[in-house]
1. Restricting the search to the stretch 42-86, which residues are within 24 Å of LYS20 (Cα to Cα) and either exposed (fewer than 15 other Cβ atoms within 10 Å of the Cβ) or among the hydroxyl-bearing types (Ser, Thr, Tyr) (or both)?
2. Can you pull out the residues in the stretch 11-29 that are touching a Leu at 6+ places or on another chain (Cβ under 8 Å) and modelled with pLDDT under 80?
3. Kindly check whether there is at least one residue in the stretch 75-97 that is of a type in the set (A, V, I, L, M) and touching an Asp or Glu at 6+ places or on another chain (Cβ under 9 Å).
4. Regarding the stretch 11-19, can at least one residue be identified that is farther than 24 Å from TYR94 by Cβ and surrounded by 12 or more Cβ atoms within 10 Å (Cβ to Cβ)?
Amino acid sequence: MTTDTIVATARARFDHEAAKRTLKEKYQAKLTFAHNGGLWLAGPELLATLAACAAPTAVILDLYDTPIQVDSREFRDQVRTHWQEQMNAWLVEYDELAKKR
């Protein structure tokens with residue numbers, strides 16, 4: 001293996017890791033959304049919190065620690081839909097990125 005090959009391989013790996021970090025930052029921002037006067041981050045933690053709510057309405061803290069009353073079932077469905085849409089889009093972009101490597 002020549003020095004040029006080693007340098008090219010290292011550079012490609014570095015570029016790939018930088019692109020992955022950029023992609024993660026992009027989709028972390030897209031996972032944030034507004035609902036019922038609060039700002040929320042769709043993710044496993046919020047979904048687990050909503051799944052634990054047995055009552056039809058719940059008071060949950062948003063990203064700014066503001067208590068917001070929500071319809072737990074409707075909000076859970078909205079969070080799950082938003083989460084899945086963003087994860088699917090992230091996977092598509094990641095797969096395209098992996099093919100370029």
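1. Within the stretch 42-86, PRO44, GLU45, THR81, GLN84, GLU85 qualify.
2. HIS16
3. No: zero hits.
4. Among the residues of the stretch 11-19, not one is farther than 24 Å from TYR94 by Cβ and surrounded by 12 or more Cβ atoms within 10 Å (Cβ to Cβ), which makes the answer no.
The values are calculated or read from the model by the stated rules, or taken from the named source; none is laboratory data. Values in this document were obtained by computation on a predicted structure and should not be read as measured data. Cβ: placed from backbone, ideal geometry, glycine included. Neighbour counts: every protein chain shown.
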